[in-house]
Amino acid sequence: MSPPDEPRTDTGPVRRFRDPNHQPQGTTLGELRARIDDLDARIVDLMAQRALCVRDATRFKRNAFEVTAPQRQAQVFARVRRLAAAQAAHFPSLPDVVEASYRVLVAGFIAGEERFFAETEPLSP
């Protein structure tokens, strides 16, 4: 049983979309939450893979400015925004959500990469 201020997770919907083309993604809130939890696990796995690439990218940077790579950041934000826009038919604010998420994600990865950069040394010529 859900707490009184939380929606029930074991029953059908209590509202409907006016749009007759709406495609339900689950039959109960519990089913949707389980699906979201699975997606979150997959997203975290992909982020861990991305983190390994970011760490390894440190080997190719000559200085701290190259670690921050502002031009590359702008390219990433624009690219993920375009990717999200192509998926936004049923969630119009998706490009904003994705871009904001990536801005936080990239800032965290840069902070990590800066620490890794300090643990590297130049290769001998």
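The values are calculated or read from the model by the stated rules, or taken from the named source; none is laboratory data. Since the structure is predicted, the reported quantities are computational estimates derived from the model, not experimental observations. Methodologically, a virtual Cβ is constructed for each residue, glycine included, from the backbone with ideal geometry; neighbour enumeration extends over all protein chains shown. With ligands, DNA and RNA removed, areas are computed over all heavy atoms of the protein, side chains included. Shrake-Rupley method; radii C 1.70, N 1.55, O 1.52, S 1.80 Å.
Subtracting the Cα-Cα distance from 0.36 nm times the residue separation, let me have the gained length for ASP40 to SER101 in nm, one decimal.
Working: separation 61, 0.36 × 61 = 21.96 nm, distance 1.37 nm.
Extra length from ASP40 to SER101 when fully extended: 20.6 nm.
Multiplying the sequence separation of GLU66 and ALA48 by 0.36 nm and subtracting their Cα-Cα distance, what value in nm do you get? Walk me through the intermediate numbers first.
Working: separation 18, 0.36 × 18 = 6.48 nm, distance 2.19 nm.
Using 0.36 nm per residue and subtracting the Cα-Cα distance, I get 4.3 nm.
Kirkwood hydrodynamic radius, the chain, all distinct C-alpha pairs: what's the number in Å?
On the way: mean 1/r = 0.0554 Å⁻¹.
Evaluated over the chain, this radius sits at 18.0 Å.
Expressed as a whole percentage, what fraction of the accessible surface of the chain belongs to carbon and sulfur atoms when a 1.4 Å probe is rolled over the protein heavy atoms?
Numbers: 6070 of 10350 Å².
The computed percentage sits at 59.
Between region 1-72 and region 109-125, the C-alpha centres lie 29 angstrom from each other. Taking all protein chains together, GLU31, GLU113, GLU119 sort by accessible area into GLU119, GLU31, GLU113, largest first [probe 1.4 Å]. Computed over the chain, relative contact order equals 21 percent, with contacts defined as Cα pairs under 8 Å that lie 6+ residues apart.
If packing is taken as the mean number of other Cβ atoms within 10 Å per residue, what is the order of 58-70, 14-26, highest first? Could the numbers behind the result be given before it?
On the way: 58-70: 12.6, 14-26: 8.3.
In descending order of packing, they fall as 58-70, 14-26.
Taking all protein chains into account, the per residue accessible area for the chain stands at 83 Å² (1.4 Å probe). Inter-label distance, THR28 to ALA111: 3.9 nm, where each label sits 7 Å from its Cα along the C-beta direction. Solvent-accessible surface (1.4 Å probe) assigned to ASP5 amounts to roughly 130 Å². Helices of the chain meeting both criteria, an alpha-carbon length of 27 angstrom or more along the long axis and an average Kyte-Doolittle score not below -1.0, with helices taken as full DSSP H segments, are 29-57, 94-118.
Using the Cβ of VAL67 as centre and a radius below 11 Å, the other residues enclosed give a net charge of +1, where K and R count +1 and D and E count -1.
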